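Undergrad: My questions all concern the structure below.
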Amino acid sequence: MFMKIFNYTHYAAVAAVAAFATTAFAESTPIRIEAENAVPADDHKVVVSENAKSSGGKFVEMKDGNLEFKVTVPTAGYYTLWTTYQLPTESGSKIQNLTVNGVSAGQISFGISDDFKTIKGAGKIKLSAGENTIGIVHSWGWVNIDYIELTEYEASPWNISKNLVTPEPTESAQKLYNFLHTNFGKHVISGVMTNRTMENDGKYTPQTYETQEELKYIHDASGKNVVLVGFDFLHATGKNSDQQWHQGYTHASLEMAKTVWNAGGIPAFNWHWKDPTKEVEAFYTKSSGNTPYTEFSINKAYDETSGKWKTDSDAYKAIVRDMNIVADSLLRLQKEGVALIWRPLHEASGKWFWWGTDGAKPCVALYKLMFDIFVNQKGLHNLIWVWTTDEAIDALDWYPGDEYVDVVGRDYYYYPREANHSSLVGSFETVKEMFGGKKIVTLSENGSVPYPNEMKADGANWSWFMPWYGDYAMEGWANDNNKES
């Protein structure tokens, strides 16, 4: 019933950094390579500093520079990469790109740590026999690196439940989850996020596979319809949500979701949730650098100390009102027998959206409140609940819990933007192990699509991928994806 992944030809972007320190691998013995021995000779952006608490008394302030570690191994195989770093509190969380032999292997997420700490930078990377190069390449932020270590990769088992977290799920929801569960590790589901979901005819007529821009582009390029189609409740709530155009957009998205389901596909919804108090038409925070931005805070409605909601507050009432609006829309789909993937409060730990700006505890409380209202109060039983994680040391602090999440997703955009179709096996394995192999793991949002042959070879079998709309999914200036790839 469900269509399989469409093919991509191979294209890889190579990151350019110079070479230094070489270390030979002794079987079963961790390899440690000091960061000060991995500074490219021509990179004057990094700074080698001294600290008695660091290994060898030195560490590297990466700033805007790159590091390149050389390692020699006797045989080809998979290894686990550990990174010891420091990131002062005032810096905020950071992300750096990881490359292996010049090709992207994912990203390393660094949580705040005033002391030097060791994290699993990549659960699984592939090294060739002989000399290899591991790069930590500047992306979103300055990080202090002490050293990296390599150990032999040891596969851990999967233990994924066959039951949804929603009690008494609808028949369609259980069938959809059964498909995801059975398909996981065997095939990867192709997806794409949509932008405009209605015709520009003044009547807000819902689009179809044949007329919606991203869907038509992929069909014309591949000869197949994309399996998973992403939608957004972006205009369902917020300052202007009562206007006709905004309501027309939401109506068209729901109608398109039914079209996708009836064609044998999978609809998926996220929610760029605008300021619940409707003071400003925005979901971004001031720290994101985007304008307009909202200063709405969960803590206006939630007492973090007691762990209780301020049910008499205007902020709480606004939150609940918005949740009920979206829940009622989802109930329309449930009545039509439609099941869907539901990915709320995404990318919270990045703090560029208001639902993450107050930190982990209020965000988790907000997710649990939504689950209670949607499932227990409104009677929504047609949702596959997805939590979007990063790989930082505090990632589990943001996790609502196994009893609230069916699938764990990782959003991945290579920065600076360019085509990069590697499997992202390092990120895949890290997320798998972080959550104990108990959840389906997916690439819930991305730029460039990993190539099927790369994913298969590395065992990075993401449940699905979903490139963002517009020039992420189609031909564009950064060439993330195009008709050839």
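The values are calculated or read from the model by the stated rules, or taken from the named source; none is laboratory data. It should be emphasised that the depicted structure is a prediction, and the values quoted were computed from it without experimental measurement. No Cβ is skipped: glycine too gets one built from the backbone with ideal geometry, and neighbour counts run over all protein chains shown.
Undergrad: Out of Glu475, Glu454, Glu433, which single residue is under 22 Å from Ile95 (Cα atoms) and among the charged types (D, E, K, R)?
TA: When all the criteria are applied, what remains is Glu433.
Undergrad: Are any of the residues in region 353-376 in the same structural domain as His181 (by TED's automatic domain parsing), touching a Pro at 6+ places or on another chain (Cβ under 6 Å) and in contact (Cβ under 8 Å) with a residue 60 or more places away in the chain?
TA: no
Undergrad: Now for a different question. For residues that are touching a residue at least 60 places away in the same chain (Cβ under 8 Å) and either at positive phi or assigned by TED's automatic domain parsing to the domain that holds Glu454 (or both), scanning just region 97-134, find the one that is surrounded by the most Cβ atoms within 10 Å (Cβ to Cβ).
TA: Gly106
Undergrad: Provide a single number: the residues in region 276-307 that are out of contact with any Lys or Arg (no Cβ under 7 Å at 6 or more places or on another chain) and under 27 Å from Trp140 (Cα atoms).
TA: 11
Matching residues to (1) more than 19 Å from the chain's Cα centre (by Cα); (2) hydroxyl-bearing (Ser, Thr, Tyr):
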site	(1), (2)
Gln107	no, no
Gly111	no, no
Thr118	yes, yes
Gly123	no, no
Val137	yes, no
Thr166	yes, yes
Asn200	yes, no
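Undergrad: Quick one: would you say Trp354 is under 24 Å from Val192 (Cβ atoms) and buried (at least 21 other Cβ atoms within 10 Å of the Cβ)?
TA: Working: under 24 Å from Val192 (Cβ atoms): no; buried (at least 21 other Cβ atoms within 10 Å of the Cβ): yes.
Against the criterion (under 24 Å from Val192 (Cβ atoms) and buried (at least 21 other Cβ atoms within 10 Å of the Cβ)), Trp354 does not qualify.
Undergrad: Okay, moving on. Just give me the residues in region 416-470 being in a strand (DSSP E or B) and of a type in the set (Val, Ile, Thr), in sequence order. Don't jump to the end; show me each part of the working.
TA: Start the filter on region 416-470 by keeping residues that are in a strand (DSSP E or B), which leaves 440-446, 464-467.
The answer is Ile440, Val441, Thr442.
Undergrad: Examine region 170-185 for a residue that is charged (D, E, K, R) and at pLDDT below 95, and state whether such a residue exists.
TA: Filtering region 170-185 for residues charged (D, E, K, R) gives 171, 175.
Next cut, at pLDDT below 95 only: none.
No, there is no match, as no residue in region 170-185 is charged (D, E, K, R) and at pLDDT below 95.
Per-residue answers, yes or no, for (1) among the β-branched types (Val, Ile, Thr); (2) more than 18 Å from the chain's Cα centre (by Cα); (3) surrounded by fewer than 24 Cβ atoms within 10 Å (Cβ to Cβ); (4) outside the structural domain of Leu81 (by TED's automatic domain parsing):
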site	(1), (2), (3), (4)
Arg417	no, no, yes, yes
Ser423	no, no, no, yes
Pro450	no, no, no, yes
Lys456	no, yes, yes, yes
Lys483	no, yes, yes, yes
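Undergrad: Can you tell me how many residues in region 217-248 are on the phi > 0 side of the Ramachandran plot and surrounded by fewer than 22 Cβ atoms within 10 Å (Cβ to Cβ)?
TA: Adding up the residues that qualify gives 1.
Undergrad: Name the single residue that is surrounded by the fewest Cβ atoms within 10 Å (Cβ to Cβ) among those in region 378-405 being of a type in the set (Asp, Glu) and within 21 Å of Leu180 (Cα to Cα).
TA: Across region 378-405, the extreme among qualifying residues is Glu403.
Undergrad: Can you pull out the residues in region 272-282 that are of a type in the set (A, V, I, L, M, F, W, C) and within 20 Å of Tyr204 (Cβ to Cβ)?
TA: Step one: filter region 272-282 for residues of a type in the set (A, V, I, L, M, F, W, C), giving 273, 280, 282.
Listed by number, the list is empty, since nothing qualifies.
Undergrad: Could you list all residues from region 368-415 that are touching a strand residue (DSSP E or B) at 6+ places or on another chain (Cβ under 8 Å), more than 17 Å from Phe435 (Cα to Cα) and not in a helix (DSSP H, G or I)?
TA: Across region 368-415, the qualifying residues are Asn382, Leu383, Ile384, Tyr412, Tyr413, Tyr414, Tyr415.
Undergrad: Could you say whether any residue in region 337-349 is part of a helix (DSSP H, G or I), under 23 Å from the mean Cα position of the chain (by Cα) and either more than 25 Å from Asp397 (Cβ to Cβ) or among the acidic types (Asp, Glu) (or both)?
TA: The initial filter retains those residues of region 337-349 that are part of a helix (DSSP H, G or I), namely 348-349.
With under 23 Å from the mean Cα position of the chain (by Cα) added as a condition, the list becomes 348-349.
Next, from what is left, pick out any that are either more than 25 Å from Asp397 (Cβ to Cβ) or among the acidic types (Asp, Glu) (or both): none.
Within region 337-349, not a single residue is part of a helix (DSSP H, G or I), under 23 Å from the mean Cα position of the chain (by Cα) and either more than 25 Å from Asp397 (Cβ to Cβ) or among the acidic types (Asp, Glu) (or both).
Undergrad: Can you find a residue that is in contact with a helix residue (DSSP H, G or I) (Cβ under 6 Å, 6 or more places away or on another chain) and in contact (Cβ under 8 Å) with a residue 24 or more places away in the chain anywhere in region 214-226?
TA: Yes, region 214-226 contains a residue that is in contact with a helix residue (DSSP H, G or I) (Cβ under 6 Å, 6 or more places away or on another chain) and in contact (Cβ under 8 Å) with a residue 24 or more places away in the chain.
Undergrad: Output the residues belonging to region 298-319 that are touching a residue at least 60 places away in the same chain (Cβ under 8 Å) and in a helix (DSSP H, G or I).
TA: Answer for region 298-319, where residues must be touching a residue at least 60 places away in the same chain (Cβ under 8 Å) and in a helix (DSSP H, G or I): Ile298, Asn299.
Undergrad: I'd like the full set of residues that are more than 15 Å from Thr237 (Cα to Cα) and either assigned to a loop (DSSP other than H, G, I, E, B) or in contact with a Cys (Cβ under 6 Å, 6 or more places away or on another chain) (or both), limited to region 247-297.
TA: Of everything in region 247-297, those that are more than 15 Å from Thr237 (Cα to Cα) and either assigned to a loop (DSSP other than H, G, I, E, B) or in contact with a Cys (Cβ under 6 Å, 6 or more places away or on another chain) (or both) turn out to be Ala263, Gly264, Gly265, Thr285, Gly289, Asn290, Thr291, Pro292, Tyr293, Glu295, Ser297.
Undergrad: Another one. Criterion first (acidic (Asp, Glu), surrounded by fewer than 18 Cβ atoms within 10 Å (Cβ to Cβ) and farther than 22 Å from Trp273 by Cβ) does Glu214 satisfy it?
TA: Details: acidic (Asp, Glu): yes; surrounded by fewer than 18 Cβ atoms within 10 Å (Cβ to Cβ): no; farther than 22 Å from Trp273 by Cβ: yes.
For Glu214, the condition - acidic (Asp, Glu), surrounded by fewer than 18 Cβ atoms within 10 Å (Cβ to Cβ) and farther than 22 Å from Trp273 by Cβ - is not met.
Undergrad: Next question, about the same structure. What single numbered condition from (1) in contact with a Ser or Thr (Cβ under 6 Å, 6 or more places away or on another chain); (2) surrounded by fewer than 18 Cβ atoms within 10 Å (Cβ to Cβ); (3) of a type in the set (Ser, Thr, Tyr) fails to hold for Ser253?
TA: Of everything listed in (1) in contact with a Ser or Thr (Cβ under 6 Å, 6 or more places away or on another chain); (2) surrounded by fewer than 18 Cβ atoms within 10 Å (Cβ to Cβ); (3) of a type in the set (Ser, Thr, Tyr), Ser253 misses just condition (2).
Undergrad: Output the residue which, of all residues in region 168-203 that are part of a loop (DSSP other than H, G, I, E, B) and among the acidic types (Asp, Glu), is farthest from Asp471 (Cα to Cα).
TA: Glu168
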